[in-house]
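A short write-up of the structure that comes next.
The values are calculated or read from the model by the stated rules, or taken from the named source; none is laboratory data. Nothing here was measured: the structure is a model prediction, and the numbers come from that model. Cβ coordinates were reconstructed from backbone atoms using ideal geometry, including for glycine residues, and neighbour counts include every protein chain displayed. Only protein heavy atoms, including side chains, enter the accessible area calculation; ligands, DNA and RNA are left aside. Shrake-Rupley method; radii C 1.70, N 1.55, O 1.52, S 1.80 Å.
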Amino acid sequence: MSPGDGPRVAVVTGAARAGSIGRAIAARLLRDGLQVVISDLGGPLDTHPDYESAGASDLRDARDALGALGDVHALPCDVRRAGDVQALVDGAVERFGRFDVLVNNAGLGVGLTPVVELDEADWRLNLDVMATGVFLCSRAAARQMIEQGDGGRIVTIASQAAKTGLPLLSAYCAAKFAALGFTQSLAHELGPHAITVNAVCPGTVDTPLLAVKGGVYERYSAMAGITEEQYRKRVLRTIPLGRMATPDDIAQAVGFLVSPAAGYITGEAINVTGGQEMH
Ligand code: NAD
């Protein structure tokens, strides 16, 4: 990967919310000297009453906060929409002149419910954002990187739920498994272009995603008949390193995968779990 003398340019999807993994990744890449385009939904998600996505003001706040670390630009993009995705890639190139690194981070967890009660719309929403969104963003990024002709990096934030089925999370698991299969296929196709394609698979990361209404904390604690606090303590006992991951733990792995040190790593799904076993 040799973009001449200038800094490399990265795009991170789903990066607006304070305390999120995407925000931490953007900060990591800025500290490492990349120019970064952060992206997220420009308004409320139109398809699910229970889910509060980031919005335009979160994106502005994120840009202002991250601006202290380096050269950052913010663009709205719904990763489910091919037109938005193309505008994101074009906007990054227009602003910074090139596009070297894509981080597919946008995600959500809706419809945490047994399969027999799962709405078709919730199933589709999970797949649309975390499988189709990964495809659309990676396709647009790969086309740009191939045209530039000097390599690139694609990293998808998958999950342990990409490697093992979990109760109440069938749609989320299906989407993340899909993202992992896609990662492996794309790594084959883009290898000849010196573009690496990898996934990072976190265990439990303390972010707003877990605590949302109808989210993991609420549903799993109810299923076990314990409080959310008791459930958190139970999770901690499954992690040999004794703490949940922070968004920074995940960002460090992404920073490594897009660094020159990881130039020979592709098609991998790297666990960042503190040793957690999820069943
Ligand atoms: P988060 O909810 O804080 O961040 C996800 C962001 O994605 C939000 O800002 C949301 O607005 C955005 N988003 C949702 N739908 C979108 C769409 N259609 N287009 C663009 N953006 C959209 O959650 P997080 O915990 O920081 O999660 C980041 C990623 O990490 C997700 O892919 C998630 O599945 C994955 N992950 C999280 C955990 C965890 O324990 N928190 C574990 C494993 C994997």
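Could you check how many residues of the range 150-161 are closer than 19 Å to THR13 by Cα, within 12 Å of the ligand (Cβ to nearest atom) and of a type in the set (A, V, I, L, M, F, W, C)?
The total comes to 3.
Among PHE256, PHE182, which is within 16 Å of SER159 (Cα to Cα) and among the aromatic types (Phe, Trp, Tyr)?
PHE182
Looking at ALA121, ALA178, ALA174, ALA106, which is the one that is assigned by TED's automatic domain parsing to the domain that holds GLY263, modelled with pLDDT under 95 and of a type in the set (Gly, Ala, Ser)?
Answer to the selection: ALA121.
Among what's in the range 256-269 and is assigned to a helix (DSSP H, G or I) and surrounded by fewer than 20 Cβ atoms within 10 Å (Cβ to Cβ), pick the residue that is nearest to the chain's Cα centre (by Cα).
This residue is PHE256.
Among the listed residues ALA87, ALA106, identify the single one that is open to solvent by 10 Å² or more (accessible area, probe 1.4 Å), within 15 Å of the ligand (Cβ to nearest atom) and under 21 Å from ASN198 (Cα atoms).
Result of the check over ALA87, ALA106: ALA106.
So if I check each of VAL258, VAL216, VAL235, VAL212, which one is in the same structural domain as ALA158 (by TED's automatic domain parsing) and either more than 28 Å from LEU34 (Cβ to Cβ) or in contact (Cβ under 8 Å) with a residue 60 or more places away in the chain (or both)?
VAL258
From the list ALA141, ALA187, which one is away from the ligand (no atom under 16 Å from the Cβ) and in a helix (DSSP H, G or I)?
ALA187
If I go through the range 51-64 residue by residue, how many of them are in contact with a helix residue (DSSP H, G or I) (Cβ under 9 Å, 6 or more places away or on another chain) and loosely packed, with under 15 Cβ neighbours inside 10 Å?
Result for the range 51-64: 1.
Taking the range 10-29 only, how many residues are within 6 Å of the ligand (Cβ to nearest atom), open to solvent by 10 Å² or more (accessible area, probe 1.4 Å), of a type outside the set (S, T, N, Q) and not in a helix (DSSP H, G or I)?
2
In the range 202-255, what residues are open to solvent by 50 Å² or more (accessible area, probe 1.4 Å) and among the polar types (S, T, N, Q)?
THR227, GLN230, THR238, THR246, GLN252
Among residues belonging to the range 132-148 that are in contact with a Phe, Trp or Tyr (Cβ under 8 Å, 6 or more places away or on another chain) and farther than 14 Å from ASP90 by Cα, point out the one that is most open to solvent (accessible area, probe 1.4 Å).
Result: PHE135.
Out of the residues in the range 74-84 that are free of Cβ contacts under 8 Å to residues at least 40 places away in the same chain and part of a helix (DSSP H, G or I), state the one that is surrounded by the most Cβ atoms within 10 Å (Cβ to Cβ).
Taking the candidates together, the pick is ASP84.
Among the residues of the range 109-122, which ones are at negative phi, part of a loop (DSSP other than H, G, I, E, B) and either more than 10 Å from the ligand (Cβ to nearest atom) or surrounded by fewer than 17 Cβ atoms within 10 Å (Cβ to Cβ) (or both)?
Listed by number, the residues that qualify are LEU112, THR113, PRO114, LEU118, ASP119.
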